[in-house]
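Working notes, beginning with the structure itself.
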Amino acid sequence: MKFFIDTANLDQIKEAQDLGILNGVTTNPSLMAKEGITGKANIINHYKTICDIVEGDVSAEVIATDMEGMIREGEELAALHDQIVIKLPMIRDGIKACSYFSKKGVKTNVTLVFSPGQAILAAKAGATYVSPFIGRLDDVSTDGLNLIAEIRSIYDNYNFKTQILAASIRHTMHIIDCAKIGADVMTGPLNSIMGLLKHPLTDIGLEKFLADYAKGNQ
Ligand code: E4P
């Protein structure tokens with residue numbers, strides 16, 4: 001399972017990168033705005049900085065909603081760095097743009113996916129990644145993890161190569177459950193990743209080992 005961090009915060013990206021377990025980064029316009037990154041030039045520079053910090057794929061989302069605009073923007077973003085993945089919204093023109101980029105061998109991430117039907121279209125359009133939003137489904141009393149399971153089963157039926165990128169992860173258990181289902185990738189906030197580290201018995205055990213060592217080595 002690949003681990004992406006879902007943020008535009010450079011300190012958090014560096015912290016995850018330093019753990020040695022990071023495979024990429026996802027961003028979106030809201031995450032950029034949260035870090036105060038505004039204006040095309042600043043946004044482009046920020047993507048370049050992120051690509052310098054991490055080794056893997058970095059999703060950069062287009063703002064246009066028409067196919068021509070998405071292609072124009074996507075080509076500009078793809079030219080920034082070979083780690084850039086063009087993030088396209090799951091709308092009619094997004095699927096057209098995805099098909100266009102797939103034929104050109106440019107990596108894509110179809111985002112804002114909330115149903116198995118949308119995931120089928122993304123795969124048919126040759127998306128590199130499909131991003132089902134688990135947390136936002138949970139927010140409206142719909143089982144987000146069930147969507148991951150449905151997409152896994154459909155993709156396996158047809159050997160679709162599109163990777164399932166579980167997005168809108170809110171906590172550590174989402175990551176573990178996605179791993180059980182077989183999501184190819186998860187993207188989550190730093191605290192959801194760090195939560196995987198924690199177990200009280202580890203802390204108690206380590207404390208005892210160190211205390212016993214200290215007793216015998218005074
Ligand atoms: C990532 O690609 C998505 O944009 C992100 O996971 C959405 O997360 P949210 O629902 O917490 O905003």
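The values are calculated or read from the model by the stated rules, or taken from the named source; none is laboratory data. Predicted model, so just to flag it, every value in this text is computed and none were measured. Cβ atoms come from the backbone with ideal geometry, glycine included; neighbour counts cover every protein chain shown.
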Only one of ALA60, ALA33 is part of a helix (DSSP H, G or I) and within 16 Å of the ligand (Cβ to nearest atom), namely ALA33
What residue, among those in segment 63-99 that are farther than 21 Å from VAL185 by Cα and in contact with a Gly (Cβ under 9 Å, 6 or more places away or on another chain), is nearest to the ligand (Cβ to nearest atom)? ILE63
Just to be sure, is LYS103 crowded, with 19+ Cβ neighbours inside 10 Å, on the phi < 0 side of the Ramachandran plot and basic (Lys, Arg)? no
Filtered residue count, segment 1-22, keeping only those that are within 21 Å of LYS180 (Cα to Cα) and either surrounded by fewer than 17 Cβ atoms within 10 Å (Cβ to Cβ) or charged (D, E, K, R) (or both): 4
Segment 172-218: number of residues that are among the acidic types (Asp, Glu) and free of Cβ contacts under 8 Å to residues at least 24 places away in the same chain: 3
Which of the following residues is within 15 Å of VAL85 (Cβ to Cβ), modelled with pLDDT of 95 or more and of a type in the set (S, T, N, Q): THR38, THR27? THR27
Where in segment 129-212 are there helices (runs of 4 or more DSSP H), lying fully within it, with 3 or more residues that are more than 16 Å from the ligand (Cβ to nearest atom)? 144-158, 172-181
